[in-house]
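Report on one structure; see the data block that follows.
The values are calculated or read from the model by the stated rules, or taken from the named source; none is laboratory data. This one's a predicted model, so the numbers in the text were calculated from it and none came from an experiment. FYI the Cβ positions are ideal-geometry reconstructions off the backbone, even for glycines, and counts take in every protein chain you see. Remember, those area values only see protein heavy atoms, side chains included, never the ligands or the DNA or RNA. Shrake-Rupley method; radii C 1.70, N 1.55, O 1.52, S 1.80 Å.
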Amino acid sequence: MFQNIGEMVLLFWRTLLALPQTWRQRQKVFDQFFEIGNASLLMVCVLSFFIGGVLALQTGPVLVERGLAGAVGGLVGISMAKELAPVMMAILIAGRIGSAMAAEIGSMRVYQEIDALRTMNINPIHYLVLPRVVAIALALPMLVVFAILVGWLGGALVSIANERIVVSFGAFFGNLREVVDAADVANGVFKSFCFALIVGVVSCHQGLVTIGGPRGIGRSVTKAVVNSIVLIVIFDYVLTSILLR
Amino acid sequence: MNAPQLTPHAVGLQVRGLRKRFGAHEVLRGVELEINPGEVFVLMGPSGSGKSVLLRHLIGLEKPDDGEIRINGEPLDSDGIMSRYRMAMVFQSGALLNSLTVGENIGLYLSEHRLKPPAEIARIVAEKLEVVGLKGIERKMPNELSGGMKKRAAIARALVIDPQLILYDEPTSELDPLSAVVIGEEILKLKERVHVTSLVVSHDRDLAFGVADRMAVINEGRIVAIGTPEEIKARPDPIIQRFLQADFKPNHRNHP
């Protein structure tokens with residue numbers, strides 16, 4: 001485990017050192033960015049709409065019973081912005097994109113494509129890791145902004161439609177504007193940027209260390225997703241502790 | 001076999017006391033080898049004898065536990081050696097990048113290192129594909145090619161580097177006999193046209209004796225014989241003779 005952590009830190013450091021190569025690899029960054037957006041946008045919308053909705057559904061009646069109906073918007077708004085959108089979208093991206101990254105790089109490793117790159121003096125970190133990490137670090141925060149907005153909309157629609165809550169659209173967003181400010185959204189976006197780096201580095205690392213045939217690729221994909229999710233949850237706690245100070 | 005006319009860029013390779021261990025298993029046990037500039041050198045041996053591991057050391061994909069490899073007398077691990085000498089490897093599977101077209105694969109070295117403009121790269125790719133008899137397949141994806149075509153495309157990719165040394169890892173494995181002959185002919189044609197130093201790792205005896213200027217036999221991580229094909233055939237060593245004479249002799253009496 002410690003060897004894995006050390007290798008991931010080293011890969012992250014080497015990727016940082018390779019950042020000046022980003023412009024040269026811009027086409028690959030764009031391709032990966034498009035792939036991530038294209039593969040995830042619909043899922044992000046569906047997931048965040050229902051997360052916002054269920055949040056309103058769970059908290060709304062309790063708040064109404066205590067005469068706090070007006071607080072539903074703020075509660076849904078701040079929960080989505082600071083916690084649920086970044087964490088849930090990062091988990092979604094780990095499953096949807098991180099697994100694909102680990103599988104693609106793992107299969108390239110198993111079928112000697114990475115060795116072929118090395119024999120051509122092409123650095124696999126520049127060619128494979130950098131574009132993926134940069135693309136996911138750009139895409140996930142954007143998806144999270146989108147998820148926050150859709151989640152708020154989901155919460156608002158449930159609050160209006162549910163007979164046990166019945167808060168108007170204006171009241172919902174009025175309270176949301178009072179409670180949530182730009183810093184809260186920035187907080188969530190920053191967290192998602194950190195989670196994106198985790199998913200990118202963990203998934204690329206698992207791909208690069210793949211050994212064996214198809215079974216090895218399957219094992220790497222599973223490890224990439226599980227390790228990413230565990231690290232996302234741990235770093236969520238650490239980042240929240242720091243950002244709350 | 002006549003020695004090819006040497007060009008200034010053909011390189012020689014020297015291997016001294018090379019050792020490599022994976023866990024408890026010592027794969028290479030003090031390999032000693034010298035390959036002359038411009039020759040086709042074949043390394044033969046049974047499966048698991050350490051041929052491919054030795055090849056991976058020669059192109060810098062593995063680090064030896066002990067011993068040294070020199071190219072034209074310069075240690076392989078010296079700074080900038082990969083930039084000074086152009087070496088290419090044709091992998092057993094071809095190792096074409098499946099996400100790229102054949103043309104993009106072949107031009108990858110030039111495009112990634114920005115050595116030529118795109119139009120020039122396209123011209124070079126077409127030229128190299130013609131050299132290996134695959135004219136006009138630039139737009140195909142690797143999964144649309146047969147095993148033999150993939151290997152020839154991999155040779156074309158190696159040629160783009162204008163290599164001084166080409167390493168072939170089992171170039172005829174998984175190929176039918178006709179495709180294997182085509183690959184063997186390609187290796188000989190390249191020797192004549194490009195005058196490159198070639199190291200072919202194979203357990204295909206027909207290919208080995210068909211293309212080799214000199215050859216070596218490796219067994220359990222050690223070179224057990226080295227010489228011209230005729231010298232190797234004449235060696236009385238039972239390991240070599242068993243390997244060279246192994247043949248399938250079905251015993252029908254056991255299968256009524």
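The dipole here belongs to the protein assembly as shown: it is taken about the Cα centre, uses +1 on the Cβ of Lys and Arg and -1 on the Cβ of Asp and Glu, and is about 240 debye.
Which percent of the accessible area of segment B:47-152 is formed by carbon and sulfur heavy atoms (probe 1.4 angstrom)? Ligands and nucleic acids excluded, carbon and sulfur give 47 percent. The distance from the alpha carbon centre of segment A:178-200 to that of segment A:79-95 is 9 Å, rounded to a whole number. Here r is the Cβ-Cβ distance between A:Glu7 and B:Lys140 and R0 is 25 Å; the resulting FRET efficiency, rounded to 0.05, is 0.10. Just so you know, the Rg over Rh for segment B:92-163 is 0.92, from Cα atoms, with Rh as the Kirkwood radius.
Look at the dipole of segment B:15-174 built from charges on Cβ: of B:Phe41, B:Thr101, B:Ala24, the Cα furthest out on the positive end belongs to B:Thr101. Rounded to the nearest 0.05, what FRET efficiency do B:Glu130 and A:Thr240 give with R0 = 56 Å and r taken as the Cβ-Cβ distance? Could you check? Approximately 0.35, to the nearest 0.05.
If you take all other residues with their beta carbon under 13 Å from the beta carbon of B:Glu130, and give Lys and Arg +1 and Asp and Glu -1, the sum is +3. For the peptide B:56-69, the mean number of other protein chain Cβ atoms found within 10 angstrom of a residue's Cβ is 1. Of the residues making up segment B:100-120, those losing 30 Å² or more of accessible area when the isolated chain is joined by the remaining protein chains, with a 1.4 Å probe, are B:Leu108, B:Tyr109, B:Glu112, B:His113, B:Arg114. In this rough spin-label picture, where each label sits 7 Å from Cα along the Cβ direction, the A:Arg26-A:Ala183 distance is 3.6 nm. Where in chain A are the helices, taken as whole DSSP H runs, whose Cα atoms extend 18 angstrom or more along the long axis and whose Kyte-Doolittle mean reaches at least 0.5? Span-like helices here: A:2-17, A:26-65, A:130-161, A:182-208, A:214-244. Positive contributions from Lys and Arg (+1) and negative ones from Asp and Glu (-1), summed over other residues with Cβ under 13 Å from the Cβ of B:Phe243, come out at +1.
In chain B, a dipole from Cβ-located charges (positive for Lys and Arg, negative for Asp and Glu) runs towards its positive end, and of B:Gln14, B:Gly67, B:His57 it is B:His57 whose Cα lies farthest in that direction. A 1.4 Å probe, protein heavy atoms only, puts the accessible area of A:Thr22 near 30 Å². Within a straight-line Cα-Cα reach of under 19 Å, B:Lys233 cannot be paired with any lysines, leaving aside sequence neighbours fewer than 8 residues apart in one chain. In this rough spin-label picture, where each label sits 7 Å from Cα along the Cβ direction, the A:Ala39-B:Asn98 distance is 1.4 nm.
For chain B, a simple Cβ point-charge model (Lys and Arg +1, Asp and Glu -1, everything else neutral) yields a dipole of about 260 debye relative to the Cα centre.
Determine the share of segment A:36-244's accessible area contributed by carbon and sulfur atoms, expressed in whole percent, with a 1.4 angstrom probe. Ligands and nucleic acids excluded, carbon and sulfur give 70 percent.
Report the A-B buried area as the accessible area lost on both sides summed, probe 1.4 Å, in Å² to the nearest 100.
1700 Å²
Excluding ligands, DNA and RNA, the accessible surface per residue across segment B:92-163 is 44 Å² with a 1.4 Å probe.
Could you tell me which trypsin sites (Lys or Arg not before Pro) in segment B:71-146 are loop residues by DSSP with no more than 12 other beta carbons within 10 angstrom of their beta carbon? Of the trypsin sites (Lys or Arg not before Pro), the ones in loops of segment B:71-146 whose Cβ has at most 12 other Cβ atoms within 10 Å are B:Arg114, B:Lys135, B:Arg139. Counting only Cβ charges, +1 for Lys and Arg and -1 for Asp and Glu, the dipole size of segment B:92-163 around its Cα centre is about 140 debye.
The mean count of C-beta atoms from other chains within 10 Å of the C-beta of residues in A:104-113, rounded to a whole number, is 4. Each residue, B:Glu220 and A:Ser168, gets one label point 7 Å from its Cα in the Cβ direction; the gap between the two is 9.1 nm. Taking each residue as 0.36 nm, the span from B:Glu192 to B:Leu178 lengthens on full extension beyond its C-alpha to C-alpha distance by 2.9 nm. For chain B, the membrane-span-like helices by this rule, meaning whole DSSP H stretches whose C-alpha atoms cover at least 18 Å of axis and whose Kyte-Doolittle mean is -0.5 or above, are B:118-131, B:147-160, B:177-194; this says nothing about an actual membrane. Ranking A:Met8, A:Ile211, A:Ser48 by how far each Cα lies toward the positive end of the dipole of chain A (charges on Cβ) leaves A:Ile211 at the top. Gyration tensor analysis over the Cα atoms of the protein assembly as shown returns equivalent ellipsoid semi-axes of 59, 23, 21 Å (largest first, whole Å). Note that chain B, at 37 °C in a medium of 0.692 mPa s, gets a Stokes-Einstein diffusion coefficient of 172 µm²/s from its Kirkwood radius over C-alpha pairs. Straight-line cross-link reach from B:Lys150 at under 24 Å between alpha-carbon atoms covers these lysines, not counting any fewer than eight positions away in the same chain: B:Lys51, B:Lys128, B:Lys135, B:Lys140, B:Lys189, B:Lys191.
In this structure, A:Gln58 and B:Arg21 have a Cβ-Cβ separation that, at R0 = 56 Å, corresponds to a calculated FRET efficiency of about 0.40.
Per-residue ellipticity at 222 nm, computed for chain A from helices alone with -39500 (n - 2.57) per DSSP H run of at least four residues, works out to -27000 deg cm²/dmol. Tell me whether segment A:36-244 comes out rounded, prolate or oblate; compute the Cα gyration tensor, take square roots of the eigenvalues as a ≥ b ≥ c, and use a/c under 1.5 as the rounded threshold. Cα axes put segment A:36-244 in the prolate bin. Near A:Pro86: Cβ cut-off under 10 Å, other residues only, Lys/Arg at +1 and Asp/Glu at -1. The net charge is 0. For segment A:81-173, the solvent-accessible area of protein heavy atoms averages 34 Å² per residue (probe radius 1.4 Å; ligands and nucleic acids excluded).
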